[in-house]
Each structure stands twice: as structure tokens, then as C-alpha cells.
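Worksheet: one structure, shown below.
The values are calculated or read from the model by the stated rules, or taken from the named source; none is laboratory data. Because the structure is a prediction, the values reported are computed rather than measured. When we count neighbours, we look across all protein chains shown, and the Cβ atoms used for this are built from the backbone with ideal geometry, even at glycine. Remember, those area values only see protein heavy atoms, side chains included, never the ligands or the DNA or RNA. Shrake-Rupley method; radii C 1.70, N 1.55, O 1.52, S 1.80 Å.
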Amino acid sequence: MGLLSIATGKKGGLLNKAQEASEMTFQEWAEEYGFERCGVFCEQGGLMMLKKAYGIDAQSIFSSISTKDFWLGSARTESWISLDRESPNFTAFTQFLGKDARSKVKAFRILKITDNEKLYIFFEYSFNPSGFLRVGPSFKSELLSILNKSDNPLLAEPSLEALKDLTNKGKARLCLISTKKALDETTKNIEISEQTIQHILTNTIFEEIFYKTKKLFAKPGAIYAEDTSEIKAAALINSDIEDEILKEHLSLEYSDLIGNEAAKKIIILTAGYSSIDEEILDYLLRG
């Protein structure tokens with residue numbers, strides 16, 4: 001059909017050096033390693049919270065608010081900490097998970113990283129007790145390379161050159177995927193008094209939504225977003241049947257992250273059609 005391409009399987013093991021970590025989003029990097037659920041706690045106004053996440057559900061992301069002192073006391077050195085259900089302090093870390101994840105978690109792996117007086121905590125958990133994937137000596141430098149980039153989760157804007165592959169194959173449908181109602185549903189029962197913190201954590205969730213959406217649009221399709229309210233896309237969608245397939249796949253992709261009810265509130269609108277690179281780029285970047 002030219003639109004949907006569901007990535008299956010995990011690469012696992014060490015990072016493929018053909019694609020440098022500095023060119024990746026956190027989500028791309030985490031998937032390249034083969035992680036299932038991981039994130040990075042970063043400091044914000046004396047508190048620590050997940051600013052980067054991969055495979056972590058929204059409720060767990062909103063449960064990640066913690067103190068710097070907790071992490072300094074729990075991870076005293078910059079070496080890996082592995083915990084299972086038999087570990088004495090295992091339950092101290094379940095507080096950072098949502099209710100469902102808390103009931104399923106079997107193991108944690110944690111690494112404290114300091115860089116220019118900034119504190120980061122790499123946080124991984126598994127529903128399987130049989131350990132975690134091996135990581136290599138370049139792990140820390142790769143992660144810091146990603147964290148020290150711009151906060152823009154989308155990395156690169158679409159380019160005219162990239163769109164040529166799309167327009168060479170036919171007329172593209174310009175779509176708008178509205179995430180506002182879905183995120184409102186996700187956050188409606190969350191009680192966070194500080195708006196800045198809620199904005200940061202909502203952005204963490206949106207980065208995961210964006211990544212899941214990007215995977216559904218096979219090249220030469222293109223997507224872009226400037227904020228957490230909508231994603232703009234250009235792709236070879238040729239019929240209402242493909243629209244329905246897209247909606248179904250988006251709902252399935254989002255449900256583990258934001259819940260079934262919120263996932264159903266994603267809205268897909270058609271903004272028009274075009275076979276002109278400049279028009280498509282203008283729509284993606286400026287709407």
C-alpha cells in the first residue's frame with residue numbers, strides 16, 4: 001500500500017556503528033540496542049524526572065518525579081546496579097512505575113552518570129527476570145551524545161531532497177494527526193501542581209508517540225511536529241480503506257503507552273493532496 005511499515009524484531013547487542021548515536025533520537029538509539037523499557041532521569045529545578053523514555057507507559061512517566069537526594073543515595077558510584085525481586089531495596093524503585101507496570105516488573109538496571117555537574121540516571125526495567133542485554137564500553141558516551149543535543153525531539157526537519165522520493169511515486173496526501181484530545185485524556189487524572197513539570201513529562205510522552213507514528217510511515221513518507229498537539233504527515237494514502245488501517249494501527253501502537261481510551265481519541269484529518277515538493281515541505285513545516 002505504500003504507507004504502513006511495521007518494524008518487527010529487535011536488533012539487540014551492541015549499537016550498529018554505521019549510524020552514529022549523535023544522529024539518533026533517544027528512541028532510535030534504544031531500539032537499536034534492543035532495549036524494551038528504558039529512560040533517563042534528568043534534573044529539573046532540584047527534582048529528577050524522566051525526560052527521555054522508550055517503551056515506558058505514560059502513567060510510569062508521570063510517576064517518575066523524584067528527588068536528587070534519592071538518586072545520590074541509591075546510586076553512590078557510576079557503576080551498573082542490577083536488582084531483582086529478591087533484592088532488599090527492589091521496592092524502592094517500583095514507586096517510579098504506574099500501577100500496571102509495578103505489578104509486572106521483575107528486574108531493574110540503573111546507571112548513574114555525571115557530566116559537567118549534570119546528573120543523569122539511566123533507568124531500565126523488565127517484566128522478564130532473566131537479565132538484560134549486554135552493553136559495550138561506548139554506551140555512556142553514546143548516551144551523553146544524545147542527551148547533550150538540542151531538546152528538539154524530532155532532530156531533523158524534512159528536506160526537499162528527501163521529499164523527491166515521495167513525489168516521484170505519485171501524489172501525496174497531506175494529513176494532520178491531532179494528539180491533543182488523546183493527551184488530555186491521558187493527563188486528566190494526573191495531579192501535578194507545577195505546570196512546567198507537567199509540560200516536561202507530557203513532552204516525554206509525546207516523543208514516544210511521535211516515534212511510534214514515524215515507524216508507521218514507511219519511506220518515502222514524511223512526518224513533522226512542532227509541539228505536542230499535532231503531527232503533520234505526507235504519505236501515499238490512496239483510499240478510505242487505508243485511512244481506516246492507519247487509524248487502527250495508530251490506536252494499537254499508542255494503547256500501551258497512553259491507554260486504550262486515550263488512543264481512541266487520536267484524530268486524523270486530510271489537509272489536501274500535492275505532488276509538488278515545495279508545497280509539501282511548506283505544509284509540514286508551516287501548515
With the condition kept exactly as written, say whether any residue in segment 118-125 is open to solvent by 50 Å² or more (accessible area, probe 1.4 Å) and over 26 Å from residue 263 (Cβ atoms). yes
Conditions first: (1) in contact with an Asp or Glu (Cβ under 8 Å, 6 or more places away or on another chain); (2) buried (at least 17 other Cβ atoms within 10 Å of the Cβ); (3) farther than 24 Å from residue 203 by Cα. Residue 106 passes all but one, so which condition is the exception? (2)
State whether one or more residues within segment 204-213 are open to solvent by 20 Å² or more (accessible area, probe 1.4 Å), touching a residue at least 40 places away in the same chain (Cβ under 8 Å), under 19 Å from residue 281 (Cα atoms) and assigned to a helix (DSSP H, G or I). no
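The rows are residues; the columns are (1) within 20 Å of residue 62 (Cβ to Cβ); (2) out of contact with any Asp or Glu (no Cβ under 8 Å at 6 or more places or on another chain); (3) open to solvent by 70 Å² or more (accessible area, probe 1.4 Å); (4) touching a residue at least 60 places away in the same chain (Cβ under 8 Å).
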{"position": "116", "(1), (2), (3), (4)": "no, yes, yes, no"}
{"position": "133", "(1), (2), (3), (4)": "no, yes, no, yes"}
{"position": "146", "(1), (2), (3), (4)": "no, yes, no, yes"}
{"position": "162", "(1), (2), (3), (4)": "no, yes, no, yes"}
{"position": "171", "(1), (2), (3), (4)": "no, yes, yes, yes"}
{"position": "176", "(1), (2), (3), (4)": "no, no, no, yes"}
{"position": "197", "(1), (2), (3), (4)": "yes, yes, no, yes"}
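Scan segment 35-58 and tell me whether some residue there is in a helix (DSSP H, G or I) and either modelled with pLDDT of 95 or more or within 19 Å of residue 204 (Cβ to Cβ) (or both).
yes
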Within segment 86-167, which helices (runs of 4 or more DSSP H) (wholly inside it) include 2 or more residues that are within 17 Å of residue 51 (Cβ to Cβ)? 139-147
Which residues, taken from segment 168-202, are touching a Phe, Trp or Tyr at 6+ places or on another chain (Cβ under 8 Å) and closer than 29 Å to residue 275 by Cα? 171, 172, 173, 174, 179
Restricted to segment 178-214 and to residues being in contact with a Lys or Arg (Cβ under 7 Å, 6 or more places away or on another chain) and not β-branched (Val, Ile, Thr), the residue nearest to residue 32 (Cα to Cα) is 182
Condition (residue is at pLDDT 90 or above and among the charged types (D, E, K, R)) applied to segment 190-205: is it met by at least one residue? no
Determine the pairs where a residue that is within 20 Å of residue 112 (Cβ to Cβ), located within segment 41-65, has a partner that is of a type in the set (D, E, K, R) and open to solvent by 40 Å² or more (accessible area, probe 1.4 Å) with Cβ atoms under 6 Å apart, the partner being 6 or more residues away or on another chain. 42/51; 48/68; 56/37
